[in-house]
1. Considering region 634-682 alone, what residues qualify as being open to solvent by 10 Å² or more (accessible area, probe 1.4 Å) and touching a Phe, Trp or Tyr at 6+ places or on another chain (Cβ under 7 Å)?
2. Which of the residues that make up region 123-145 are open to solvent by less than 10 Å² (accessible area, probe 1.4 Å) and assigned to a helix (DSSP H, G or I)?
3. Just for region 396-411: of the residues that are surrounded by 20 or more Cβ atoms within 10 Å (Cβ to Cβ) and farther than 19 Å from A518 by Cα, which one is modelled with the highest pLDDT?
4. If you go through region 93-112 one residue at a time, how many are open to solvent by less than 80 Å² (accessible area, probe 1.4 Å), in contact with a strand residue (DSSP E or B) (Cβ under 8 Å, 6 or more places away or on another chain) and in a helix (DSSP H, G or I)?
5. Taking the residues in region 53-92 that are within 30 Å of R14 (Cβ to Cβ) and of a type in the set (G, A, S) as candidates, determine which candidate is surrounded by the most Cβ atoms within 10 Å (Cβ to Cβ).
6. Under the condition of being open to solvent by 40 Å² or more (accessible area, probe 1.4 Å) and either among the aromatic types (F, W, Y) or modelled with pLDDT of 90 or more (or both), which residue from region 36-52 is nearest to the chain's Cα centre (by Cα)?
7. Got at least one residue in region 502-518 being surrounded by 18 or more Cβ atoms within 10 Å (Cβ to Cβ) and more than 22 Å from Y556 (Cβ to Cβ)?
8. Looking only at region 226-246, which residues are open to solvent by less than 90 Å² (accessible area, probe 1.4 Å), among the polar types (S, T, N, Q) and under 22 Å from L142 (Cβ atoms)?
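The values are calculated or read from the model by the stated rules, or taken from the named source; none is laboratory data. It should be emphasised that the depicted structure is a prediction, and the values quoted were computed from it without experimental measurement. Reconstructed Cβ throughout: ideal geometry from the backbone, glycine too, with neighbour counts over all protein chains shown. What goes into the accessible areas is simple: the full protein's heavy atoms, side chains included, and nothing from ligands, DNA or RNA. Shrake-Rupley method; radii C 1.70, N 1.55, O 1.52, S 1.80 Å.
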Amino acid sequence: SPVSSGTVSLTAGRGRGKSAAVGLCLAGAVYLGCGLVAVTAPAAENLLTVFQFAISGLQALQYVQHVDFEVQYEQRGELGRIAVRIDVFKGSSQRQSIRYLPPLELSQQLAHAELLAVDEAAAIPLPLVKQLLQGKQLLSMLASTIHGYEGTGRSLSLKLVQQLRSQQGREMVEAAERAGSQVKGPKNRHGQDTVRDGGRHLHEDRWKTASSALANTRPGMRALTELVLTTPIRYGPDDPVERWLTLLLCMDAASPTQGGGHNYRLVGALPAPRDCALYMVNRDALFSFQPLSEGLLQRIWGLYTAAHYKSSPNDLQMLSDAPAHRLLVLLGPHKGAKDALPDVLCVLQVAFEGRISQKSVQSELARGSQASGDMIPWTMASQFNDTQFCSLSGARIVRIATHPDVQRMGYGSRAVELLVTYFNGELSSLLPAGQVGGEGADSLQRRQPADDGDDKEERARQLPPLLTPLTQRAAESLSWLGASCGLTAALLGFWTRRGFRTCYVRQTPSDLTGEHSAVLLRDLEQPQLGETVTRAGWLQSFVSDCQRRLIPLLSYNLRTLDAALAIALVDPERKLTSNPNNVNPNAAAAEEQEDEKEGEKDQVRESPSSPSDPAQSLCGPLTAGELLSVHMSMHDLHRLDMYARNMVDHHMVLDLVPLLASWLFQGRLPAIRLTYLQVAILLGVGLQRRDVDSICKELELPANQVLAFFNKTIRKIAGHLKEMVEQHVSAGTDKKPTRLLLATNQVEVPTVVSLPAAEAGQKGEEEQGHEGHSHKKKNKNKRKPDGHGGEKGAKKTAQ
């Protein structure tokens, strides 16, 4: 029977006809009357087979090309023309089309689609696939390769399908509970169910009703159908070439159903992260095709396949012979057999970069190009025009993959912590003395040779140790440790907690993931480097410059970032929040209680954590002289005061909010402390230039509550500016005070006009010279209190 909504999961290994099956299904959907069929994939090149079999399926259903349907092509470089759209004109009164849409553009046009097909869904970021599946009245088909490089980063099979199973199970249980609760019956005087006719109890009728509700899926419920293709089409059954290729490229390393499944599961007890140690893997021994080394390689590549990285055979080749790359694994205490490997909890891949001559850097930058490799040095040199950073040596964490069964348990943090202490030369003093060497380490260092020939035994004896504890190795002399990753709140929080600081954010997002990439650095402190190699404070200068540039860029391509991520970028140390533990933007009740405790006057208070040193802020503190002479006029201060007292709408001060937000995030108002929710609203309105409706949708708060917090924020900032001007006036004893009207309720606030001594003296002589004339003019105005001259004089006095 036709299904109006639901999800179909189609998984298969390589060469099983998955893409061909999707294409035939799309042709059948058009034949059954579907209107718009949306097809997406990581790239249009991935849909060559899908469109080829969709055309073949239409022709098999008696559709004639150029008569009943047309195919539109696009030119894609070396691939030539590829099909991206099929328009059908036969058999339906509505427009029918099979159209390719990129993943990032699909969400905008998904409302008109009746069927969604996603090929190679595992290669598309999981949050984006979840967003595409939010439509309840949409039939979705997710197809993915699980035993090949097309399906690496197995988000579909490991996370999304499991979540869909859990969601379907919860909905079915809730439906059964509702159906059973509707069965009512008589009760006795003790409130217990009575026995019905036939000796049946009420709870038996409820169980029967609930079981029948489970058997029948409710209309509107998103049903999950899982299909698996196992019969090979590209190869014959049990083809030896396919087995050899799969084993060579480690394509089934993370498959729990094939030969590599035992390399993916954890078999031992989980140790505490503090008991784990970091080992350096010798790549010559790892790729020697010995039994023990081959098992370790399968486990390492299994973690890469299950992680969020998109792997390819080139990555495997780079791991085997790239001279600047190193491979490290986090292992627990080894208590098993001598010839057995412990569970691999985390894998780190590190690349050494830097040590580039300034002459080469200047030559490449002058031509507008950069050499291959050394990603972080070339990025920093091109973005900051700094040629000295490339001369420093450092290490970039290329990949970090934690076993899916032990994620968010501290093993990834432990691996990065040990790596930092190793490059700082402190790892040997951190680990217990009994862990260095010992029986477990000796058994892992030497791989057990195969027992089927003297040549193999001799080669195994000549190989170096497979695993070497970092406590037995001398650390390389490095100045920095860095990482480059997609900019998400989870990843940014992970690296920030490890002491890494954001130094660069790419303005254009990735075409596939839609994320902005970021470069994070951490300086290393090795005694042997000395101050002649590393400039003091070089990292802080990069961080400050990056934050200064990010503040205005938030109103351009970075305006799509959510509030939590944007705050983590421009205020990573939470200097603006009065309560650093309050990190929940939805805690509106707690925010109101905190504001009530502050009092109705909203007096500006000095926080003990506020930076007293002007060098800690991006710019110097704002002064009253700069405020009045450069940034704002008395009319602007008057508008702020009016809005602070709820006498005008927030649109009256909307042009001043970007300026106020820039001062606050640049550290120019160090005495002001706000709550997390106030910071999020001010950042959204002032820096990202977003409207109130979008902020309310993100924070899940009503508009009146968001505007109330926004008013409290402006009131606090306006009060601080007013107090700053008043203190400046009281301190200016040798300056001429001028009383200017600030509010409409006849409350005068003294301000000051700073004049040089010579101009002040000259103006004093002019005032004495014109004293008689002014006195006569005043008397003239007094003679005509009811005339035009008196009204004009009164207006001048009011002004």
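1. If the condition is that a residue be open to solvent by 10 Å² or more (accessible area, probe 1.4 Å) and touching a Phe, Trp or Tyr at 6+ places or on another chain (Cβ under 7 Å), then H650, M652 are the ones that fit.
2. V129, L132
3. Top of the filtered list is Y411.
4. 4
5. By that ranking, first place goes to A54.
6. Top of the filtered list is L48.
7. No, region 502-518 has no match at all.
8. Matches in region 226-246: none.
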